[in-house]
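The values are calculated or read from the model by the stated rules, or taken from the named source; none is laboratory data. Nothing here was measured: the structure is a model prediction, and the numbers come from that model. Using ideal geometry, Cβ is built from the backbone for each residue, glycine included, and neighbour counts are taken over all protein chains shown. Calculation scope for accessible area: heavy atoms of the full protein, side chains included, ligands and nucleic acids excluded. Shrake-Rupley method; radii C 1.70, N 1.55, O 1.52, S 1.80 Å.
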Amino acid sequence: MTTQADYWNHNVHYQPVILGAVPDGCRAALEVGCGDGLLARRLAARVAEVTAIDADARMIALARERSSGSRVRFVHGDFLACPIEAGSFDFACANTSLHHMDFVAALRAMAHARSEERR
């Protein structure tokens, strides 16, 4: 059985950079392309509310299973089709998922999701 300490991939490698970018006082974070939920769980240790979105139903099911009891809300769906209210989040991130969608549209949608006061 693999422990979390043994778990590594390229996504895990870049998580400290993403976590280091979380602004002080961040209340709500959005993760686009959450996969198995590891980064979302790590964000939840720093942020009051985390919403994590992924288009793969299997990955969302795995993320929910691994994140039982966490403050993360997992959403199964296409990020670009999700109705996200402007300024809903203080922080938005994506770790190796933007190349799976229209890059410009994804960046615009992430900027739309971020609070004006944090820009």
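Would you mind finding the one in 29, 44, 40, 21 that is touching a Cys at 6+ places or on another chain (Cβ under 6 Å) and of a type outside the set (D, E, K, R)? Answer to the check: 40.
Do any strands (runs of 3 or more DSSP E) lying entirely in the stretch 9-119 carry at least 1 residues that are free of Cβ contacts under 8 Å to residues at least 40 places away in the same chain and not hydroxyl-bearing (Ser, Thr, Tyr), and which ones are they? Qualifying strands (runs of 3 or more DSSP E): 49-54, 72-76. Of all residues in the stretch 57-76, those satisfying the criterion of being open to solvent by less than 70 Å² (accessible area, probe 1.4 Å) and at pLDDT below 95 are 67, 70. With respect to being open to solvent by less than 20 Å² (accessible area, probe 1.4 Å) and not acidic (Asp, Glu), residue 48 falls outside the description. In the stretch 2-21, is there at least one residue being open to solvent by less than 40 Å² (accessible area, probe 1.4 Å), closer than 20 Å to residue 109 by Cβ and at pLDDT 95 or above? Checking the stretch 2-21: not a single residue is open to solvent by less than 40 Å² (accessible area, probe 1.4 Å), closer than 20 Å to residue 109 by Cβ and at pLDDT 95 or above.
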